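These notes concern the structure reproduced below.
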Amino acid sequence: MDPDWLPFHPNPSKPAFRPPAGAVDAHCHVFGPEAQFPFAPERKYTPCDAGKDQLFALRDFLGFSRNVVVQATCHGKDNRALVDALRASNGLARGVATVGEEITEGELQALHDAGVRGVRFNFLRRLADFTPHDVLQRIAAKVAPLRWHVVVYFEAPDLAELQPLFTSLPTQVVVDHMGRPDVALGVDHPQFQRFIQWMEDDPDVWSKVSCPERLSLAGPPYDDVVPFQKAIVERFPDRVLWGTDWPHPNLKGQMADDGVLVDQIPKFAATEEARRKLLIDNPMALYWGDDRG
């Protein structure tokens, strides 16, 4: 583990908000355990162990029913820890993998059978090495026949450069953490409004309204991020997802309390219908809507 690594909260608070029955934590990770699933040699960080048993225990404690486990960059293209978690979930978890263009149809089908329903493209250079856009397009073309989607992680200033690539992909595109807007600029700033307009123009673009702990300038309970989350949830209720981001990789300063994160949900999803779509209908359609297993 890196010397400055912040381990996940050892004793998160019990949220006052009760998620509706069947709710999905649609963005979380597993790290190792390293002794069983070694981290990738090319990784940019070395985290603490945060395995499937701890993830599923947190799921139950917070009142969720299902998880979407997203491949962490510390594991690179080795999806074994992810697949292990999916297989152990008894159908209660789906996954988003990281793959290279060399992956075969058979290997993709094996991932699909394990519960993978998407691939992730990371555009944060501090977390992953640059991958040429044509390579990403070829990967997207390979996964499109399986009806997978592409998850993209980028920072708000880079959207203008990346949007043509995203628009060219033959899949649905799910954006991590609202494209990491600069909270100091406000929701009316052209930078965030570009993101809103992109979602308005392209019905295949979804957004996760997650990770206020990464975006907030005010700190817990992250109320300065609520206007951004609320703007997206109210305008695009059928294309939003939410997740804890447990175990909160590369978080600096103060570790997030997952109970506090859950208690923020009613602030930006104000109605029962909005919360049902955010936490159940949308993730179930995207990740469990394919009855091929």
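The values are calculated or read from the model by the stated rules, or taken from the named source; none is laboratory data. Note that this is a predicted model, so its numbers are computed, not measured. For neighbour counting, all protein chains shown are included, and Cβ atoms are generated from backbone atoms with ideal geometry for every residue, glycine included. Remember, those area values only see protein heavy atoms, side chains included, never the ligands or the DNA or RNA. Shrake-Rupley method; radii C 1.70, N 1.55, O 1.52, S 1.80 Å.
Which of Cys48, Cys28, Cys211 moves the most in a Gaussian network model of the chain with Cα springs under 10 Å? Maximum fluctuation in the GNM of the chain, among the listed residues, is at Cys48. Once the 1.4 Å probe is applied to the protein heavy atoms, the chain comes out at 41 Å² accessible per residue. Amide H contacts for Gly22 (H built 1.01 Å from N in the peptide plane; partners 5 or more residues away or on another chain; cut-off under 5 Å): Ser65. Electrostatic bookkeeping for Leu55 treats Lys and Arg as +1 and Asp and Glu as -1; over the other residues with beta carbon under 12 Å from its beta carbon, the sum is -4. Exceeding 27 Å between C-alpha atoms, which entries from my cross-link table qualify? They are Lys52/Lys77; Lys77/Lys252; Lys14/Lys252; Lys44/Lys277; Lys14/Lys267; Lys52/Lys267. Checking Cα-Cα distances, Lys44/Lys277; Lys52/Lys267 exceed 27 Å. With θ taken as phi - 60° and the Karplus curve 6.51 cos²θ - 1.76 cosθ + 1.60 applied, the whole-hertz 3J(HN,Hα) list for region 130-146 is 5, 10, x, 4, 5, 5, 4, 5, 5, 5, 4, 5, 6, 8, 4, x, 7 Hz, x standing for glycine and proline. For the chain, a/c is less than 1.5, where a ≥ b ≥ c are the root eigenvalues of the C-alpha gyration tensor. That puts it in the rounded class.
Between Gln191 and Trp5, the modelled label-to-label distance comes to 3.0 nm, taking each label 7 Å out from Cα in the direction of the beta carbon.
Per-residue ellipticity at 222 nm from helix content only, as computed over the chain with -39500 (n - 2.57) for each DSSP H run of at least four residues, stands at -9000 deg cm²/dmol. Of the solvent-accessible surface of region 1-40, computed with a 1.4 Å probe over protein heavy atoms with every protein chain present, carbon and sulfur atoms account for 57 percent. Projected onto the charge dipole of the chain (+1 at Lys/Arg Cβ, -1 at Asp/Glu Cβ, origin at the Cα centre), which of Trp198, Val30, Ala40 gives the Cα projection farthest towards the positive end? Toward the positive end, the furthest listed residue is Val30. Packing, taken as the mean count of other beta carbons within 10 Å per residue, orders the peptides 117-124, 40-47, 68-75 from highest to lowest as 68-75, 117-124, 40-47. Label-to-label distance, Glu200 versus Met255, with points set 7 angstrom from Cα along the beta-carbon direction: 4.2 nm. By the equivalent-ellipsoid construction on the alpha carbon gyration tensor, region 1-115 comes out with semi-axes of 25, 20, 10 Å, ordered largest to smallest. Most mobile of Pro190, Pro227, Pro170 per a Gaussian network model of the chain (Cα springs, under 10 Å)? The residue that fluctuates most here is Pro190. The simple spin-label model puts a point 7 Å past each Cα toward its Cβ; for Asp129 and Asp238 those points are separated by 4.2 nm.
Highest mean first, the peptides 174-181, 145-152, 50-57, 99-106 sorted by other C-beta atoms within 10 Å per residue fall in the order 174-181, 145-152, 50-57, 99-106. Summing charges over all other residues whose Cβ lies under 13 Å from the Cβ of Met1, with Lys and Arg as +1 and Asp and Glu as -1, gives -3. Does region 210-293 classify as rounded, prolate or oblate by the C-alpha gyration tensor (a ≥ b ≥ c root eigenvalues; a/c under 1.5 gives rounded; else a/b over b/c gives prolate, otherwise oblate)? Taking the square roots of the gyration eigenvalues as a ≥ b ≥ c, region 210-293 is oblate.
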